[in-house]
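Since every read-out is calculated from the coordinates, none of them should be taken as a lab result. These numbers were taken from a predicted model, which means no experiment stands behind them. Don't worry about glycine lacking a Cβ; one is built from the backbone with ideal geometry, like all the others, and counts go over all protein chains shown.
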Amino acid sequence: MMSLSVRRTLVAIAVLGTGLAVAGVSVAASADQEEQPRPVRASVVGSAEFVLPYHQDKDVRSFTFDARAAPYSRPLPGIPGGLPTDARGTVKVSHYSAERDITYTSKGRVDCLVTGVRTATLTAVITEVSPGGPPNVGKRVGFSVYDGGAGTGKGRSTDRVGFSWNGVNLLPKGTTPPEEAPVGTCMAPAPYAPVTKGGYVVAHAELPSPPPSPKGSTEPAGPAPK
């Protein structure tokens, strides 16, 4: 006959085994939940100084971005539902001229954003320029960003930026001097300028499908711009 102490030991083992099984199911369920993709909107944030690889001087140049995707939020003529690349936010451009010992700044309103893995292009319409700066109010400018991650571990960023002026967006016209070409939405050159201080974070998200059309309408629905 089995002793009372042996029976108690077997019951304890059975209870322990049941608890481990339940815990295992809970861990597996949590892992499944963590693996499920979460909806996310693309964004580019951060501030950094950079240098021009083709021109060395003592000037200090920096861009500050706070750009976030807002798909289908900007109606256009013939496109009342807006575009998947629609975005909102701000950019700030700062340029310290060592020769003149003055800092020029401009601000812009973001209207377009497209991202890839660690990369982004965005455009903004300039809304404000400091005294003495270029007459760019109302002009669309383009930017590109490469998010290099944590850097080299020696305080050196591996991020890069690009922008649509300084001779990278010209329109040749035969024998006449080329003019700067207009910038369309989300258009920018590759990020060619190395970041020297600060950095950027690119959150990538796929461009979403348009929202369902309202009943009786053939146009995709979209929220009103804010």
statement: Output for region 90-177: trypsin sites (Lys or Arg not before Pro) sitting in coil per DSSP, at most 13 other Cβ within 10 Å, listed by number, reads 100, 154, 156
- request: Rounded to the nearest 0.05, what FRET efficiency do residue 171 and residue 68 give with R0 = 35 Å and r taken as the Cβ-Cβ distance? Could you check?
  value: 0.65
- prompt: Restricting attention to region 40-148, which chymotrypsin sites (Phe, Trp or Tyr not before Pro) occupy a DSSP loop and are surrounded by at most 10 other Cβ atoms within 10 Å?
  reply: 54
statement: Distance in nm between residue 90 and residue 59 label points, each 7 Å along Cα→Cβ, equals 2.4
- line: At R0 = 25 Å the Cβ-Cβ FRET efficiency linking residue 40 and residue 158, nearest 0.05, sits at 0.60
message: As a quick test, which of the pairs 139/197; 92/173; 107/173; 107/197; 58/139 have an alpha carbon distance above 24 angstrom in this structure?
response: 139/197; 92/173; 107/173; 58/139
